[in-house]
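Structure first, commentary second.
The values are calculated or read from the model by the stated rules, or taken from the named source; none is laboratory data. Every value quoted in this text rests on a predicted model; they were computed, and no experiment measured them. Each accessible area value is taken on the protein alone, full model and side chains, heavy atoms only, with ligands, DNA and RNA left out. Shrake-Rupley method; radii C 1.70, N 1.55, O 1.52, S 1.80 Å.
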Amino acid sequence: MIFAIWRRPWRTWQVSTWRQRRLLIALGVVLGAMNSVFYLAIERLPLATVGAIEFLGPIVLAAIGIRSRRNLGAALLACAGVWLLTTVHLGGAGQLSGTVHLSGAALGLIFAFANCALFAAYIVLGHRLAADGGASGIDRLGAAMLIAMVVVAPIGIADAAATLAAPLLLAAAIGVGVCSSVIPYVCDQLAMARMPRATFALMLSLLPATATVIGVLVLAQVPSWIEALGVLLVIGGVALHRQRA
């Protein structure tokens, strides 16, 4: 709704070709599903674990665009960091404090890997959306977000309706929407318009590191030394990566 007030995406829809509308619909469906399974995953798994699994999709996209040994090394370094952060083993999944067994986290892992696949699709579709430049990309993003709302509404409207009677909860929900969708997706569009897909995908390897930091500050999920090492490896991969000329 904030995107709609800000960008008036129906105007973008009216002037779009059918090919562009198909892209908007595809991105809207991906955004709606991706955000939904992400919250279902972090309801069952630690934030850092979900963030690490989510990154496995982008690192595949980064690897596809690799054209040098240095970038291959960067991807392998970041991938090693993600593996340490995820710490998923046969018979159990490592958690920031304690252990989550597969028997209790299986559904969470399914949601996390679904989010991973959808996140990779978001990067591919988002780059196509950003092809016409930052401002135009943001307008089309607003249209895609409106479609995402329509896609998710039939599933979530019953639970969301309860917030209308709780002003503080409604304010918190709006805050989450702004901080998790409006600001980051706009920044994504501005970055995608300026960076190759592989570079952008590898830069997203900072995601599990920031998820770990937020997990510590907000959720009191203190990382082990292995997970701290994983964060350093991920950041090292980003630092080593070199963008193509």
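Taking square-rooted eigenvalues a ≥ b ≥ c of the alpha carbon gyration tensor, is the range 168-212 rounded, prolate or oblate, where a/c under 1.5 means rounded and, failing that, a/b exceeding b/c means prolate? Cα axes put the range 168-212 in the oblate bin. In the context of the full set of protein chains, the range 118-214 has a per residue accessible area of 47 Å² (1.4 Å probe).
Using a probe of 1.4 angstrom, how much of the accessible area of the range 129-216 is carbon and sulfur, in percent?
Using a 1.4 Å probe with all protein chains present, the range 129-216 comes out at 78 percent carbon and sulfur.
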